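What follows is calculated from the coordinates using simple rules that are stated; it is not laboratory data. This structure is a prediction, so every number in the text was calculated from the model and none was measured. Positions of Cβ are backbone-derived with ideal geometry, glycine not excepted, and every protein chain shown enters the neighbour counts.
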């Protein structure tokens, strides 16, 4: 199931389904950048609510998402931020409303839980991409513009220029080759937390993409072990590793490196795998359409979409 492409003058709804925002200026900044894309902005009725570390009660946050999909004035939905809280509302979302009103839906990090649940329950292609507080870079805005407004078959890859960006985000092949399949994935911690629930992805013959932030190497090791023991790596056709920001050893004691952990788990599956793709908790990122058919090339570090993600 696909949503309609946006055009100049379309309306995008801002919702906060996860962690609270304590700085009011972030809302104004989000408005400014979305208007730069030519969009009208509509806030959910409870957008600016603070409920401890959450952006409102579970019922309020679930209702905000239901409202955005149900509102006939709204053409697309963008999450304000990730953080924490999305798993708490998965069983409070009205998936019939989403099925009957397919719209562009975008966010990342904790929003991974919603991408997984929405795709599993409805089949709607959603966008794992920047949240409203991460729109300040032109590289990111340009990719969102192409993903939301155009029906072209995007080639997603790290830029070759400027050279400092290429050096900052190098592509490394873990296992050579090409693979095709529907893209599924997101934040590693959220993917593992959903295993065993009905909201987890069906990984059979899918291309899995993963990113993470602020996790010690031993915790990443444990999460990869959980994916392996759950049979995820047996079922996927390939793996794309994005940015693992501020991850690594958190002490002076001897530790595996992140790359060693990735090699330990991903080389033995003997399927195409590469690391270094520009998505995750970074300023410059490209969106990945969850549920879209694609071909990955582990040698060139590219993701070629094989179908239109909007109509």
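Descending by average beta-carbon neighbour count within 10 Å, the peptides 110-118, 4-12, 271-279 line up as 110-118, 271-279, 4-12, the highest first. Round to the nearest 10 and give me the degree value, 0 to 90, for the angle of helix 112-122's Cα axis relative to the longest principal axis of the chain. Helix 112-122 sits roughly 70 degrees off the main axis of the chain.
Across the stretch 155-305, Cα-Cα pairs more than 20 Å apart make up 45 percent of the total. Working value for the stretch 212-257: equivalent-ellipsoid semi-axes of 23, 13, 8 Å, each the square root of 5 times a Cα gyration tensor eigenvalue, largest first. Counting beta carbons within 10 Å around each of 3, 193, 249, 285 and listing the fewest first gives the order 249, 193, 3, 285.
In terms of surrounding Cβ atoms within a 10 Å radius of their Cβ, 86, 247, 106 rank from fewest to most as 247, 106, 86. With all pairs of separate Cα atoms included, the chain yields a Kirkwood hydrodynamic radius of 19.5 Å.
Each semi-axis of the equivalent ellipsoid for the stretch 170-224 is √(5λ) with λ an eigenvalue of the Cα gyration tensor; in descending order they amount to 20, 19, 9 Å.
Of all beta bridges that DSSP places with both ends in the stretch 155-305, some 50 percent have antiparallel geometry. May I ask you to derive the relative contact order of the chain, considering only C-alpha pairs under 8 Å and at least 6 residues apart, and to give it as an integer percent? Once normalised by length, the contact order is 21 percent.
To the nearest 10 degrees, how steeply does helix 58-70 sit against the main Cα axis of the chain, on a 0 to 90 scale? Roughly 70 degrees, rounded to the nearest 10.
Summary value for the stretch 216-297: 36 percent relative contact order, contacts being C-alpha pairs under 8 angstrom separated by 6+ residues. Remark on the stretch 1-113: Rg and Dmax equal 13.2, 37 Å (Cα only). Each residue of the stretch 236-311 gets 113 Å³ once the volume of the Cα convex hull is shared out per residue. Using equal-weight Cα scatterers in the Debye expression, the normalised intensity of the stretch 114-212 in log10 at q = 0.13, 0.19, 0.20 Å⁻¹ is -0.61, -1.26, -1.34. Angle, helix 138-149 long axis vs. longest principal axis of the chain, Cα atoms, 0 to 90°, nearest 10? Relative to the chain, helix 138-149 is tipped by roughly 70 degrees. By other beta-carbon atoms within 10 Å, ranking 160, 191, 47 with the fewest at the front produces 160, 47, 191.
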